[in-house]
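Working notes, structure below.
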Amino acid sequence: MDGKRIQDYWSSEVDALVRTYQQFETLIPSPNGAGAEHKGEDGRFVEDLLREYLSRHLPQGLEVLTGFILRPAVKTGDYGRERSKESDAHSTQLDIIVFDTANYPVFQRFGNSVIVPPEGVVGIISVKKHLNDGDIKKECSALFEAATLCQTLGSNNPNDKVRGPYLALVSVKSKIEKSRTDALSWIFNQVGDAYNGKSDVTFDKLVGFIGALDEWSIFKRRPDSNLTSAEYVGFRHQNGESHLGLQFLLTGVLSVFYDETRRNLRRPGYTAFPSHRPHDTHLGGVPCTSLR
């Protein structure tokens, strides 16, 4: 298989994203080190950049928003009372929520800031300007809690759960690389620690991607039929491979959006990974109880 045009295209998109952020740092420099002068605005600019790039390439009707997920303990469908023993619950503030506004309502909206029900959530992404040592466990735990709120039942077969949202932790650059000899293995160990002691750890609720867009990627592989753990592999981006991070994100979100538990549409040929590119390292598995 080919797909070289698509790979080159996505690489150009990521390179442009990184250059745009570098221009922001150039125009609003920090006198005390790397980054822009105003750290809060620095981080929000990165979120806005990633939202803009995702919005360009996702299907119409999928919006890339920020805000909260609210899971009300109310009846669903016509007669669904699966939440009868629950209480109303909501997430922490989430950097990016990919939401299916074409098919699901929104509780409240102020610009791109929203409060949404869990049924329409297709992706949840935590965004960092620089990924630091303390971010991995904290962000993976927050994503797990948000994904737990999104466990919902299907409409065709109400006994089956809908595939959960794609979960990711994304940064422009990584500071972990500068302080760790084997950064990818160290990050994976932090991922495993984030889920220790949690109950009902399913495959869907484990983070699907962690990456510094133009440096490296950690990816959760597709589950096999004998599912006892989620297997993770690592990629160190080589020349011309800056496309990997953005492609993992887009592929993950689209795989949820077009999943048979959500709709009866065939996913288009939209991303292209090198056919004979092996992962650089098999990081290991995180135990899980079931698929979803």
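Brief remarks on what is shown
- Criterion: out of contact with any His (no Cβ under 8 Å at 6 or more places or on another chain), over 15 Å from Ile210 (Cβ atoms) and not charged (D, E, K, R) - qualifying residue of Leu246, Leu265, Leu250: Leu265
- Members of region 5-20 that are more than 16 Å from Leu49 (Cα to Cα) and surrounded by 20 or more Cβ atoms within 10 Å (Cβ to Cβ): Gln7
- Meets criteria (more than 22 Å from Asp100 (Cβ to Cβ), of a type in the set (Ser, Thr, Tyr) and surrounded by fewer than 20 Cβ atoms within 10 Å (Cβ to Cβ)) for Thr251: no
- Condition met for Phe257 (surrounded by 21 or more Cβ atoms within 10 Å (Cβ to Cβ) and free of Cβ contacts under 8 Å to residues at least 60 places away in the same chain): no
- Single residue of region 281-292 satisfying the filter (surrounded by 15 or more Cβ atoms within 10 Å (Cβ to Cβ) and not small (Gly, Ala, Ser)) that is farthest from Glu231 (Cα to Cα): Arg292
- Restricting attention to region 226-285, the residues that are touching a Gly at 6+ places or on another chain (Cβ under 7 Å), under 19 Å from Gly61 (Cα atoms) and not in a loop (DSSP other than H, G, I, E, B) total 3.
- When the test is whether a residue is in a strand (DSSP E or B), touching a strand residue (DSSP E or B) at 6+ places or on another chain (Cβ under 7 Å) and modelled with pLDDT of 90 or more, Leu184 does not pass it.
- Any chance Thr101 is among the hydroxyl-bearing types (Ser, Thr, Tyr) and within 30 Å of Phe24 (Cβ to Cβ): yes
- Scanning region 208-249 for residues that are modelled with pLDDT under 90 and charged (D, E, K, R) returns Asp214, Glu215, Asp224, Glu241.
- If you filter region 15-66 down to residues that are in contact with a Ser or Thr (Cβ under 7 Å, 6 or more places away or on another chain) and over 21 Å from Phe110 (Cα atoms), you find that the one that is modelled with the highest pLDDT is Asp15.
- Residue count for region 57-107 under the criterion of being surrounded by fewer than 12 Cβ atoms within 10 Å (Cβ to Cβ), under 18 Å from Ile124 (Cα atoms) and free of Cβ contacts under 8 Å to residues at least 24 places away in the same chain: the result is 1.
- Annotation note: of Ser225, Ser155, Ser185, the sole residue that is farther than 28 Å from Leu65 by Cα and touching a residue at least 60 places away in the same chain (Cβ under 8 Å) is Ser185.
- Where Arg71 falls short, out of the listed (1) basic (Lys, Arg); (2) farther than 29 Å from Val14 by Cα; (3) out of contact with any His (no Cβ under 8 Å at 6 or more places or on another chain): (3)
- The set of residues in region 203-220 being part of a strand (DSSP E or B) and touching a residue at least 24 places away in the same chain (Cβ under 8 Å) consists of Phe209, Ile210, Gly211, Ala212, Trp216, Ser217, Ile218, Phe219.
The values are calculated or read from the model by the stated rules, or taken from the named source; none is laboratory data. This structure is a prediction, so every number in the text was calculated from the model and none was measured. Please note: Cβ atoms are built from the backbone with ideal geometry, for glycine as well, and neighbour counts cover all protein chains shown.
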